[in-house]
Amino acid sequence: MSSTHPALPALSREWHLLSRPVGWPKPEDFALVEAPLPVPGEGQVLVRNRYLSVDPYMRGRMSAAKSYAPPYELGEPMLGGAVGEVVASRAEGLAVGDHVLHRLGWREYAAVDASAAVQVDPKAAPLAAYLGVLGMTGLTAYAGLLRIAALKEGDTVFVSGAAGAVGSQAGQIARLKGAARVIGSAGSDEKVRLLLDEYGFDAAFNYKDGPVAEQLGAAAPDGIDVYFDNVGGEHLEAAVGALRVHGRIALCGMISLYNATEPVPGPRNLGRLIQTRGRIEGFLVSDHRDLQPRFVQEVGPWIASGALKHRETVVDGVENTLEAFLGVLRGDNTGKMIVKL
Ligand code: NAP
Ligand code: FER
């Protein structure tokens, strides 16, 4: 089976990693390169990407250190979540005009193995939602809160990075699942207002206003049962300090440390986990794909009804992908950061 879209360009732009960043990534570490349009092989589709995902974990893949995902290769296009339209197909079951979710982001066109593409329905949800609120970041919030932190009705829950893609969903799922009190932290007064006024958090603070331990103590005078950690560092130590008996901490991410050039001191108060019989557990969303159907079934209707609200920060143009990624590290985004091509 072979079919092709009528008008395709000869070239496709793609972002390459040129050198491994030390500390904050610099524009010189990257290049937007024009390459010949990829040619799909047997079993592949040519996808015109419409939305690219930029995510904090990509900072880790820019480093050489071995991790759960292999490092990006120098001089090669970077990888990442993307949703696009099939413009040529040499694969059974996918036709021109279909839409797919795949991992060859950071570029305009990609030749994708059909086996590595998931068909998505643009009528069921806006395409960008498959990268965020119904996609990887949404599932991360769901799995981390319900499976790792084992949220129970009546819990007091603290979420950092609470105006971001994962955090905003974790906080709202906690509320909708019966948490007694949900507290969020974020990096601007505008984000704090959004948590309180739109997302239904019971308390929220700007972590730049003063010590996290003090602000968390004021927001949760009786302590917390669950901490959903997106940030690490000072936030994590404050949460350990506020943990109640049988409290649970889900380690999702530690974005405050991703550009660190020196080893960072750990929380100095881990002894509290003994007194509280507390539990702290890291997780990766990729180990919890089995929850995807349950996640969509439970959270999808909340999104459709407006019970769970979300925002995206959309940056236009493949040429602005790097700035969008750097913006995530700086906190320019509210909700999922998306690049629209
Ligand atoms: P996001 O929260 O939408 O964006 C990142 C946010 O981090 C920024 O908007 C910024 O918001 C905040 N930030 C940056 N530097 C900070 C600092 N020094 N201290 C506190 N906050 C800081 O990103 P996301 O995609 O939802 O990811 C959130 C976290 O989850 C990240 O740590 C990511 O690595 C992790 N994650 C883990 C998994 C997994 O499987 N374990 C999967 C997805 C994501 P402010 O304006 O509030 O500073
Ligand atoms: C994945 C595992 C982990 C994945 C993303 C992550 C895109 C994110 C980890 C992090 O942000 O720390 O399979 O797929």
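Conditions tested, residue by residue: (1) surrounded by 12 or more Cβ atoms within 10 Å (Cβ to Cβ); (2) in a strand (DSSP E or B).
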site	(1), (2)
Trp24	yes, no
Ala31	yes, yes
Ala35	yes, yes
Glu42	no, no
Val45	yes, yes
Asn49	yes, yes
Leu52	yes, yes
Arg59	yes, no
Ala69	yes, no
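Sort out which residues of the range 271-287 are of a type in the set (A, V, I, L, M, F, W, C), in a helix (DSSP H, G or I) and closer than 13 Å to Ala239 by Cβ, and write them in order of number. Give the derivation first.
The first filter runs over the range 271-287 and keeps only residues of a type in the set (A, V, I, L, M, F, W, C), leaving 273-274, 280, 283-285.
Filter again for in a helix (DSSP H, G or I), leaving 273-274, 285.
Within the range 271-287, Leu273 is the sole residue that qualifies.
Report, by residue number, each residue of the range 237-279 that is within 25 Å of Gly138 (Cα to Cα) and within 16 Å of ligand 2 (Cβ to nearest atom).
Result: Ile249, Ala250, Leu251, Cys252, Gly253, Met254, Ile255, Ser256, Leu257, Tyr258, Asn259.
Which of (1) within 30 Å of Ala124 (Cα to Cα); (2) outside any strand (DSSP E or B); (3) over 15 Å from the mean Cα position of the chain (by Cα); (4) away from ligand 2 (no atom under 16 Å from the Cβ) does Phe295 not meet, given it meets every other one?
In the conditions (1) within 30 Å of Ala124 (Cα to Cα); (2) outside any strand (DSSP E or B); (3) over 15 Å from the mean Cα position of the chain (by Cα); (4) away from ligand 2 (no atom under 16 Å from the Cβ), Phe295 misses (4) alone.
Looking at the range 91-133 only, could you name the residues that are out of contact with any Phe, Trp or Tyr (no Cβ under 6 Å at 6 or more places or on another chain) and of a type in the set (Phe, Trp, Tyr)?
Once the filter is applied, which keeps residues that are out of contact with any Phe, Trp or Tyr (no Cβ under 6 Å at 6 or more places or on another chain) and of a type in the set (Phe, Trp, Tyr), the range 91-133 yields Tyr109, Tyr130.
Counting only residues that are under 29 Å from Tyr258 (Cβ atoms) and of a type in the set (Ser, Thr, Tyr), which one in the range 68-95 is farthest from ligand 1 (Cβ to nearest atom)?
Residue satisfying both the conditions and the ranking: Tyr72.
Checking the condition assigned by TED's automatic domain parsing to the domain that holds Ala117, within 16 Å of ligand 1 (Cβ to nearest atom) and not aromatic (Phe, Trp, Tyr), which residue from Ala65, Ala10, Ala31 passes? Before you say what the answer is, go through the steps one by one.
Values: Ala10 fails: within 16 Å of ligand 1 (Cβ to nearest atom); Ala31 fails: within 16 Å of ligand 1 (Cβ to nearest atom).
One residue alone meets the criteria, Ala65.
Can you find, within the range 112-145, the residue that is surrounded by the fewest Cβ atoms within 10 Å (Cβ to Cβ) among those that are in contact (Cβ under 8 Å) with a residue 40 or more places away in the chain and over 25 Å from Val315 (Cβ atoms)?
Here the residue is Ser115.
Does the range 263-285 contain any residue that is of a type in the set (Gly, Ala, Ser) and at pLDDT below 95? Give the steps one after another, and end with the answer.
Taking the range 263-285 as the starting set, the residues that turn out to be of a type in the set (Gly, Ala, Ser) are 266, 271, 278, 282.
Imposing the further condition that a residue be at pLDDT below 95 reduces the set to 266.
Within the range 263-285 (the criterion being of a type in the set (Gly, Ala, Ser) and at pLDDT below 95), the answer is yes, since at least one residue qualifies.
What residue, of Gly171, Gly144, is within 16 Å of ligand 2 (Cβ to nearest atom), of a type outside the set (Val, Ile, Thr), touching a strand residue (DSSP E or B) at 6+ places or on another chain (Cβ under 8 Å) and modelled with pLDDT of 95 or more? Write out each step before concluding.
Details: Gly171 fails: within 16 Å of ligand 2 (Cβ to nearest atom).
Going through Gly171, Gly144 in turn, the sole match is Gly144.
Just to confirm my filter: which strands (runs of 3 or more DSSP E) fall fully inside the range 169-263 and include at least 1 residues that are open to solvent by less than 10 Å² (accessible area, probe 1.4 Å) and in the same structural domain as Thr140 (by TED's automatic domain parsing)?
On the way: elements: 181-186, 203-206, 224-229, 243-251.
Hits in the range 169-263: 181-186, 224-229, 243-251.
The values are calculated or read from the model by the stated rules, or taken from the named source; none is laboratory data. None of the values given here were measured: they were computed from a predicted structure. Every residue, glycine among them, receives a Cβ derived from its backbone with ideal geometry; neighbour counts consider all protein chains shown. Keep in mind that these areas ignore ligands, DNA and RNA; they rest on the heavy atoms of the full protein, side chains included. Shrake-Rupley method; radii C 1.70, N 1.55, O 1.52, S 1.80 Å.
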